[in-house]
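Structure first, commentary second.
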Amino acid sequence: MSFVQNVPFFSIILSMFSGIVSSMLPAKAARWVNTCLIVAVGLMSGILLVYLTNTGEPFVYWMGHFPAPWGNEIRAGVLEAGMALFFCLIMFLSMIGGRRQLADEVAENRQNLYYILVDLLLSSLLALVYTNDLFTAYVFVEINTIAACGLIMIRQIGRTFEAALRYMIMSLLGSGLFLISLCMLYDLTGHLLMSNIKESVALLVAQQEYTVPLMTTIGLLCAGLAIKSALFPFHSWLPDAYGYSTVSSAAMLSSLVSKGYIFLLIKIFYRVIGFEIIAQSKIINVLFIFGLLGMIFGSMSAIQENDIRRMIAFSSVAQIGYIYMGFGLGTEAGMTASIFHIFSHAATKSLLFVAAVGLTDVSKGRREFIELTGSAYRNKMAGIAFTVGCLSMVGVPMFSGFVSKLLFAEASIGHAHKMLPAVLVLALSTILNAIYFMKTVIRIYVPDYRSDCKTITVKNQKVYALTLLCFMVLNVALGMLSKPIENWIHSGLAMFG
């Protein structure tokens, strides 16, 4: 075994160990440990991605060098390594972008706890990306839930307690459904390892045995992870969770946490059930319908909002709908579009949250639209970055959001029953996106001659400005280099099987 094949295991263990070490460190030291951890894991993931691209073959790592069922398995391909690298990049930029506000939002004696939670969040995301065992996935789903809940409520204000409680209730419901489905799947197949389950499921389908229990199990798996990833109408916890947590927490929750659950669902489609079986089931139609509804009602809720953070949060409901709509098409093109949108949405949504705080900082800390009048002049870098994020979400060419919508449209063309509703809702959603994002851009660029609001220049916030620049470059890179990325996703899905 090559040494680089230890990277997935090292990444997960190093993240968990960093959390343990940070519990004994002061806030400043814990921050440096967290930063070094994210950079180290990102570099290792990049090396692994290069290695897998060159070999063209995935590999399986036996925990303790024992095969299942005595040992656990980690499986890595180009899609897993790329996703781990991207998660580290977004987490690094989100943490840097919100670092200045963290001192004001979190008490000093709790700041090391904040970094512990981020370390645990990273370890759980990496485990969901790499694990080849469903029960291990469930364990890290719970770790992810606990870490995310802690990141919401660590700000210690009334709204965050309420948001954390809502998040915990909905997450426990999703986790419960997921665990029940695992028990049923184990009862049907006698396995927890993904590859072994897939073989048993294929045999059951071929022999037409236990058809109803199997479809029920698949439905519960999808429902549990759909609830945890805030698919409409299971999104009630999302606006407050994203709207009132710290800036870094909002950026990571919207960009990474829900995407970890969605990536696990993709693995279940391909490596547990089999994509052909999923595509032929009626469950895929349910995901399609709820995805379309999310695209519409998420945008309508965003239009009605008067708070910039909550508006961005409701926009995430619509964007999650895009991903599930792609799943619902039941084709490889639809799946490719959904995976590309995971990258696009993560890069853009974190940009919007980090840029929004720069606008509220020069508006007396107020988040209502009327108070943000002229804020783009008082913080020019934040104004430019927020505008770039909005243009991407609307789907203006050159940005990543345009490529996402184009891929979804191309994937739906030629589909016998789903082309018309998919294209119509895509068009309607784009119009709704333009309404609430462009009205916000217009608002922040309307001249305001108040002298009681401070002005922040690039010189006053060099690190923050550099973070926003990196987010913008990432967004444009995804838009301009979409074809190589699309080909890479295709090769990753081929390795998935």
- Dividing the convex hull volume of the Cα atoms of the range 317-403 by its residue count, what figure in Å³ per residue is obtained? 88
- Message: Considering only C-alpha atoms, what is the centroid distance from the range 314-385 to the range 177-200, in Å?
- Response: 36
- Give the angle, between 0 and 90 degrees and rounded to the nearest 10, that separates the Cα long axis of helix 462-480 from the longest principal axis of the Cα atoms of the chain. 50
- For the chain, the percent of accessible surface on carbon and sulfur atoms (probe 1.4 angstrom, ligands and nucleic acids excluded) is 69
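Based on the Cα atoms of the range 194-322, what semi-axes does the equivalent ellipsoid have, where each is the square root of 5 times one gyration tensor eigenvalue, given in whole Å with the largest first? Mind dumping the intermediate values first?
On the way: eigenvalues 224, 45, 18 Å².
One finds semi-axes of 33, 15, 9 Å for the range 194-322.
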- Task: Evaluate the Kirkwood expression for the hydrodynamic radius of the range 296-342, namely the inverse of the mean inverse distance over all pairs of different C-alpha atoms, and round to one decimal in Å.
- Result: 11.2
- Quick one: compute a quarter of the convex hull surface over the Cα atoms of the chain and quote it in nm². 21.8
- Query: Once label points are set 7 Å from the Cα along Cα→Cβ at both residue 481 and residue 57, what is their separation, rounded to one decimal in nm?
  - Reply: 2.8
- Spatially proximal aspartates and glutamates relative to residue 198 (Cα-Cα < 18 Å; intrachain offsets below 8 disregarded): 73, 133, 187, 209, 276
- Message: Treating only the Cβ of Lys, Arg, Asp and Glu as charged (+1, +1, -1, -1), what charge dipole size does the range 76-176 show about its Cα centre? Round to the nearest 20 debye.
- Response: 280
- Task: Please list 239-249, 419-429, 390-400, 176-186 highest first by mean number of surrounding beta-carbon atoms within 10 Å per residue.
- Result: 239-249, 390-400, 176-186, 419-429
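Using a probe radius of 1.4 Å on heavy atoms only, what accessible surface per residue do you get for the chain? Whole Å² is fine.
On the way: 18360 Å² over 497 residues.
On a per-residue basis, 37 Å².
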- Item | Listed residue (20, 444, 477) projecting farthest to the positive dipole end of the chain, Cβ model | 444
- Once all Cα-Cα distances of the range 366-448 are split into 5 Å bins that start at 0, what whole-number percent is in each one? 3, 15, 20, 19, 14, 11, 8, 6, 4, 1, 0
- Space enclosed by the convex hull of the alpha-carbon atoms of the range 243-301, per residue, Å³: 86
- Accessible-area order for 387, 55, 217, largest to smallest, probe 1.4 angstrom, reads 55, 387, 217
- Task: Enumerate the amide H contacts of residue 395 below 5 Å, restricted to partners 5 or more residues apart or on another chain; note that Pro and chain-start residues carry no placed amide H.
- Result: 402
- Task: Compute the semi-axes of the equivalent ellipsoid of the range 152-211, taking the square root of 5 times each eigenvalue of the Cα gyration tensor, and list them largest first in whole Å.
- Result: 39, 11, 7
- Message: So if I average 1/r over every pair of distinct C-alpha atoms in the range 239-382 and take the inverse, what Kirkwood radius in Å does that give?
- Response: 16.2
- Item | Top positive-direction residue, dipole computed over the chain with Cβ charges, set 232, 292, 403 | 403
- Note on the structure: From the Cα centre of the range 262-294 to that of the range 461-479, the distance in Å is 33
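Measure up 380/462; 439/462; 349/439 against 22 Å on the Cα-Cα distance and list the ones that go over.
Working: 380/462 13 Å; 439/462 28 Å; 349/439 17 Å.
Beyond 22 Å between Cα atoms: 439/462.
The values are calculated or read from the model by the stated rules, or taken from the named source; none is laboratory data. All values reported here derive from a predicted model rather than from experimental measurement. Counting neighbours? That spans all protein chains shown, and the Cβs are built from the backbone with ideal geometry, glycine included. The accessibility values were calculated without ligands, DNA or RNA, using every heavy atom of the protein model including side chains. Shrake-Rupley method; radii C 1.70, N 1.55, O 1.52, S 1.80 Å.
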